[in-house]
Structures are given as C-alpha cells and as structure tokens.
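Below: the structure, in structure tokens.
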Amino acid sequence: MDSASLNALSEHVLADIRRPPLRAFPIEELADVYSCEPSDVLFAIDSLRRAGYKVDADPKGRFKFVSAPDLLLATEILYGLKTEFIGRRVYAYQSVQSTNIIAAQLAEAKAPDGAIVVAESQSKGRGRLGRSWHSPEKKGIYLSIILYPDIEPAAAPGLSVMTAVSLAGTITGYVTKDVNIKWPNDCLIDGRKTAGILTELSADRGKTNHVIVGVGINVNHARRDFPPEIVKTATSVGREAKREIRRVELLQKFLSQFEKDYLKFRKGGLKGLRKQIVAYSNLIGKQVRLDMSGQIISGTVTDIDDYGNLVLITPAGPRRFNAGEVTVVKSK
Ligand code: BTN
C-alpha cells in the first residue's frame, strides 16, 4: 500500500507556479519565498516532473508550469474541486487491496465526514455478491467515500441507489448514448456496465456508525483492459465517448453531483431523487426475474420505494427487495 503524495515544498511550488496567469519564475524568487536554497527548489521541481507534471525551464533558468498529469493525487483532486465536504480530505494511494477496506479502517479512526480514499489500482477490488472488481492501473477510478449519515441501517441501501443516480447524471455529460441504472446500483452505457457501487455499512444495535460508498468507474479502459469474462458486457466512458477522459475531471464532477444528491438524501431519503431514479432505471411496469443468490422471484415492477427497495407484484402478492440481480423478462 504506497501512498501517492507530493512533499510539502513541491506542493507549495506547484501551487505558486500554476496560479493563473501563468508566468516564468526565477529560481531565486521561489527560494526566497520559501526561505530555502535554490537547490531545494530544483529538487522540488524535479519531484514534480517525476510525478508527471510538465514544467519548462527557459534559457534564463526560469520555470514555467505547463501541465498536470491525470493522476489521482490529492493535490490534483483538490485543485478546482467545488464541493463543501465531499472529497475535501483525500487519502490517495498507488495500489491497495481495496479502497473500501482502507476507508472502513479510516472511518473507525474517525476520518472526516465525506473523506475519500482513491487508488490507481486495486489487487483485490471487491464487487457486490462476493464478486471481484477488475481494477487495472490508471485506467479507472477506484473510490470509497466515508460517510456518517444519521439514518437507520435499513435506509443504507438507498445510498447505493442515490449514488447510481449521481453516477448516471455525471456520465450522461460525457456520452451521447443512453445512460441507465441497473437496479440497484450498476451504471450502464447503452446496456453495458460502466460503473458499479458497493455500499458497506457498520451498525450497532440499530444505529449506523458509518457507511462506505465504494465506486468503481471504468474510464479509459480499452477492450483489451477487460478480462475475457466481462469483455462483452462491460464498457468504459472513454470507449463510448471515443476519446481519452481526464479521470481527475470526471471524479471532481462526480463528487459535486454526489454531494448535491447526498444533501437531498440526508433531508428526505430518496424522495427528492425519485424522478431521476424512475427515469434512469427504466424498470417501472417491466416484468422481471430477480435472482437472490439462486432464489428466483418473478414479478412486475411497480415502484422503487423511498428505501431504494424494488417493489414487485409477485404471484404471492406485493413484495419489497433490497438486493439481487434483476433481469427484464419482457416489456409490458
Ligand atoms: C459491483 O458492481 O459489483 C460493485 C463494484 C464496486 C467497486 C468499487 S472500486 C472502489 C471500491 N473498492 C472496492 O473494493 N470496491 C469498490
């Protein structure tokens, strides 16, 4: 588990040289500002370059910021982030087993509400229903959001549905094809899975301690980046948009959308998001088969309720479900 961060002097130098309007900085000026030796500034600029920043030097030895890398570094995520509290504290890693595991440990240690854990790759990315989440290096966004909502544990699955709405709303801005939610929490472009959500809850005697919202987004995956078993059913935002997507920008947009939706959710559950849920999930009135770990239930979808449950009219009468794999049998 290697953390991905810049040292303090590199952070300061970067903040100064990238501030608009861009200009060339004499090394002595920067050394003066930080009361250090010019060699320290050189070292800091070298670290920035090694991290992927482009910094030009002119013949007079002045340094000018050119571009930032598309890396999920705390500095990059925070630069231009427009949220109040979601993503305001970033724990960034090169590679981890699972960002959800780290986030749960940080939540136990009382990390701030809305703090996020991101990684450039995961060796044991976790999916729903005991599956794994393929997490190739620097292709996707592997993110966990730490939350302490004042909700009863039964309302936590609603957070997954809410997150799916935030994802669909964000991804829609990148592609022309249809973006949908596959209840409860997959996000699809043109029917192919692009993002998934794994919400994990810690609760004691009916009280929620914390919720970790884990989000995996396929961003710049090409066909070859998917394992054979999902290559036909998965896609990425970049493939569908037919261009390389800046992951940092997509992440910032998603965090803003997530914060707006989460504030609504905290006020009134899924009520304020019903329109989007119904529109994106496209299931109301459809006859479906619900696979709950091998137990198959057939029925017609009449609603997705305020807890995010799928409401089905089954041969045994109306029933509510908070998990399972849904397949549309035929449209009414
Ligand atoms: C699914 O569709 O099955 C849910 C996938 C969730 C994957 C994300 S990636 C970041 C976070 N860390 C994990 O180990 N899983 C979630």
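The values are calculated or read from the model by the stated rules, or taken from the named source; none is laboratory data. Everything quoted here is computed from the prediction, not taken from an experiment. Here the Cβ is made from the backbone with ideal geometry for all residues, glycine too, and neighbour counts use every protein chain on show. What goes into the accessible areas is simple: the full protein's heavy atoms, side chains included, and nothing from ligands, DNA or RNA. Shrake-Rupley method; radii C 1.70, N 1.55, O 1.52, S 1.80 Å.
In table form, for the structure just shown:
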{"read-out": "Neighbour-limited loop hits for GluC sites (Glu not before Pro), segment 241-291 (at most 16 other Cβ within 10 Å; DSSP other than H, G, I, E, B)", "value": "Glu244"}
{"read-out": "Solvent-accessible area, 1.4 Å probe, carbon plus sulfur percent, for segment 208-280", "value": "52 percent"}
{"read-out": "Protection proxy ranking, peptides 198-207, 52-61, average beta carbon neighbours within 10 Å, highest first", "value": "198-207, 52-61"}
{"read-out": "Computed log₁₀ I(q)/I(0) - Debye formula, equal Cα scatterers, no solvent, segment 258-332, q 0.12, 0.13, 0.18, 0.24 Å⁻¹", "value": "-0.35, -0.41, -0.72, -1.07"}
{"read-out": "Å² of accessible area per residue within the chain, as computed with a 1.4 Å probe and no ligands counted", "value": "48 Å²"}
{"read-out": "Over 20 Å between alpha carbons, listed pairs Lys54/Lys253; Lys124/Lys232; Lys177/Lys271; Lys54/Lys138; Lys207/Lys267", "value": "Lys54/Lys253; Lys124/Lys232; Lys177/Lys271"}
{"read-out": "Tail fraction, Cα-Cα pairs, segment 151-306, threshold 21 Å, whole percent", "value": "49 percent"}
{"read-out": "Largest to smallest principal axis extent of the C-alpha atoms in segment 1-81, angstrom", "value": "38, 25, 19"}
{"read-out": "Debye log10 I(q)/I(0) for segment 265-306, one point scatterer per Cα, at q = 0.23 Å⁻¹", "value": "-0.81"}
{"read-out": "Mean ellipticity per residue at 222 nm, deg cm²/dmol - from DSSP H runs of n ≥ 4 across the chain, formula -39500 (n - 2.57)", "value": "-9000 deg cm²/dmol"}
{"read-out": "Nitroxide proxy distance, nm - points 7 Å out along Cα→Cβ at Asp291 and Asp204", "value": "3.8 nm"}
{"read-out": "Rg(Cα) / (2.2 N^0.38 Å) computed for segment 92-234, rounded to two decimals", "value": "1.04"}
{"read-out": "Cα radius of gyration and Dmax for the chain (Å)", "value": "22.2, 81"}
{"read-out": "DSSP H segments from the chain that extend 27 Å or more along their own axis, Cα-based, with Kyte-Doolittle mean of -1.0 or above", "value": "247-268"}
{"read-out": "Alpha-carbon radius of gyration plus Dmax, which is the widest Cα pair, for segment 1-160 in Å", "value": "19.1, 64"}
{"read-out": "Gain on full stretching of the segment that runs from Thr327 to Arg243 - 0.36 nm per residue minus C-alpha separation", "value": "27.2 nm"}
{"read-out": "Kirkwood-type radius of segment 45-121, with distances r between different C-alpha atoms, in Å", "value": "14.4 Å"}
{"read-out": "List Ile101, Ile245, ordered by accessible area with a 1.4 Å probe, largest first", "value": "Ile101, Ile245"}
